[in-house]
Amino acid sequence: MSAIQIQGMRPLFGTVEIQGSKNAVLPLMAAAVLAPGVTVIRHVPAIEDVITMMKILEALGCPCSLGDGTLTIDAKDPDGIGIPEKYVGKMRSSCLLLGPLLSRMGEAVTYFPGGCVIGARPIDFHIHALEQMGAVFFEAGGMILAGTGGLKGSEIRFPYPSVGATENALMAAVLAEGTTVLDNCAAEPEIAELCRFLTKMGAKIHGTGEKRLVIEGVKELTPTEFFLTGDRICAGTYLAAACAAGGEVTVRGVDPWVLKEPLRVMRQMGAAITTREETQEILLTMERRPAGFRVCTGPYPEFPTDLQSVFLAVASAAEGRSRITETVFEARFAAAAVMQRFGARIRAEGRTLFVEGRYPLKPSIADAPDLRGGAALLVAAMAADGRSMIGNCEHIARGYEDIVRDLVSLGAEAEWIRI
Ligand code: UD1
């Protein structure tokens, strides 16, 4: 087990380069299966979820390598259709391979997905979309078997703009026969990134970045080289940390536009923020204790659910009251219970958290409940008057390349403890 020890009440100063985006690279890796040959993706973060996806691709007969941020995936000759159960349990995004495998191999075998324990996370929208395109699904003993005699274009309307279901349907559609229309799609920046990647491979997609995508199936795709965008959730985490700890921080390598809503909330807290689109920089100065604020998560461009727990940590140390409502996932409040160990005053009512800020928080020893919840505990610890220890940091390593390295580069007093 690994833990992080961190000293609170140290303001952050400096510039941090933001790693490549976790949520963008995982679907890109799945999409690589569609193109016979070697795909190269640059600026890839060395995080656990990427390593897990590499292992899955290797089990499917696609050798991968990752070094210095360059990931190669050799999909010349995939010979497997089964996603091993041990990886499915680790990472929900493994289900993103359903569309590409059905398209390339005509068959896929998987299990019900894992990932962070944040409420029921079914994959019914994925399955219904693929069924509409001509796939047939069977379930047996927790296993999902899928097959198709050839995917066909279809008109699909998602009941909810699911990120993963949109990505799966999109990857199935690019090589399907005829035209596919996807309506009420998720419009997260990571989906636009997938559209750009597929287009570079030869796919015909109209409506990139919008809630309606029209895809004209093509006969084949060619492998490509691609530079991955910066991770907006990682950037948002470090900016939120600066709101809690105070200081002056620049995050570099992420398009400020994709953080529009979190930046609006941080301004509401009292942060002074300057954005530079040309250099992809966001400069944040926080000279006082953050003021209470209101946040409601929702599909992009609304506030990202992945920053909800990190902002809860800021709210816990803010001046006055805050209100945080979660609408995307039904049980994403695991961090709230743990944060009370830092003295946070949080009351839950349905999907809303009411927070009465206090400063400083109390240092504590606590385990990361999940990926973003773990990052949130670090942010809470940064507003505590002493040294805290966060355990179970394997969760954090799923999505942050080295959160300690990045925070220390900004002046935090933190270190990894390998237990
Ligand atoms: C992706 C992100 C995750 C983020 C989430 C919401 C990746 C790798 N992960 O997850 O970090 O928190 O988007 O922005 O990109 N739902 C169903 N049936 C389905 C699919 C989804 O009911 O078939 C529900 C989910 O339970 C959830 C909501 O739809 O309540 C949104 O989920 P979805 O957008 O699919 O999230 P993921 O793609 O899993």
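The values are calculated or read from the model by the stated rules, or taken from the named source; none is laboratory data. Note that the structure is a prediction, hence the values are computed from the model and not measured. Note that we place each Cβ from the backbone using ideal geometry, even for glycine, and neighbour counts take in every protein chain shown. Please note that ligands, DNA and RNA were not included when accessible areas were found on the heavy atoms of the full protein model with its side chains. Shrake-Rupley method; radii C 1.70, N 1.55, O 1.52, S 1.80 Å.
Here is how the numbers come out for the structure above:
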| quantity | calculated |
| --- | --- |
| Matching entry among 174, 254, 258, 249 (being over 27 Å from residue 40 (Cα atoms), touching a helix residue (DSSP H, G or I) at 6+ places or on another chain (Cβ under 6 Å), of a type in the set (A, V, I, L, M) and in contact (Cβ under 8 Å) with a residue 40 or more places away in the chain) | 249 |
| Pick from segment 273-319, criterion among the charged types (D, E, K, R) and open to solvent by less than 40 Å² (accessible area, probe 1.4 Å), ranking: nearest to residue 212 (Cα to Cα) | 306 |
| Segment 38-87, subset among the acidic types (Asp, Glu) and touching a strand residue (DSSP E or B) at 6+ places or on another chain (Cβ under 7 Å), residue least open to solvent (accessible area, probe 1.4 Å) | 74 |
| Total residues in segment 124-164, condition near the ligand (Cβ under 9 Å from one of its atoms) and either hydroxyl-bearing (Ser, Thr, Tyr) or out of contact with any His (no Cβ under 8 Å at 6 or more places or on another chain) (or both) | 12 |
| Residue within segment 233-251 that is in contact with a Gly (Cβ under 7 Å, 6 or more places away or on another chain), outside any helix (DSSP H, G or I) and over 30 Å from residue 333 (Cβ atoms) present | no |
| Residue 180 of a type in the set (S, T, N, Q) and out of contact with any helix residue (DSSP H, G or I) (no Cβ under 8 Å at 6 or more places or on another chain) | no |
| Any pair with Cβ under 6 angstrom, 6 or more apart, that starts in segment 305-319 at a residue that is in a strand (DSSP E or B) and ends at one that is polar (S, T, N, Q) and open to solvent by less than 10 Å² (accessible area, probe 1.4 Å) | none |
| Scope segment 92-108; condition surrounded by fewer than 24 Cβ atoms within 10 Å (Cβ to Cβ) and modelled with pLDDT under 95; matching residues | 92 |
| Enumeration of residues in segment 162-186 that are over 18 Å from residue 26 (Cβ atoms) and either part of a loop (DSSP other than H, G, I, E, B) or among the hydrophobic types (A, V, I, L, M, F, W, C) (or both) | 173, 175, 176, 178, 181, 182, 184 |
| Residue within segment 165-176 that is within 17 Å of residue 304 (Cα to Cα), more than 10 Å from the ligand (Cβ to nearest atom), open to solvent by less than 20 Å² (accessible area, probe 1.4 Å) and modelled with pLDDT of 95 or more present | no |
| Some residue of segment 198-217 being buried (at least 23 other Cβ atoms within 10 Å of the Cβ), modelled with pLDDT of 95 or more and touching a Cys at 6+ places or on another chain (Cβ under 7 Å) | yes |
| Cβ pairs under 6 Å, 6+ apart, first in segment 112-134 and within 16 Å of residue 150 (Cα to Cα), second near the ligand (Cβ under 8 Å from one of its atoms) and modelled with pLDDT of 65 or more | 129/165 |
| Residue 382 being out of contact with any Gly (no Cβ under 8 Å at 6 or more places or on another chain), buried (at least 16 other Cβ atoms within 10 Å of the Cβ) and closer than 22 Å to residue 12 by Cβ | no |
| Sole residue being farther than 20 Å from residue 129 by Cα and within 13 Å of the ligand (Cβ to nearest atom), chosen from 25, 38 | 25 |
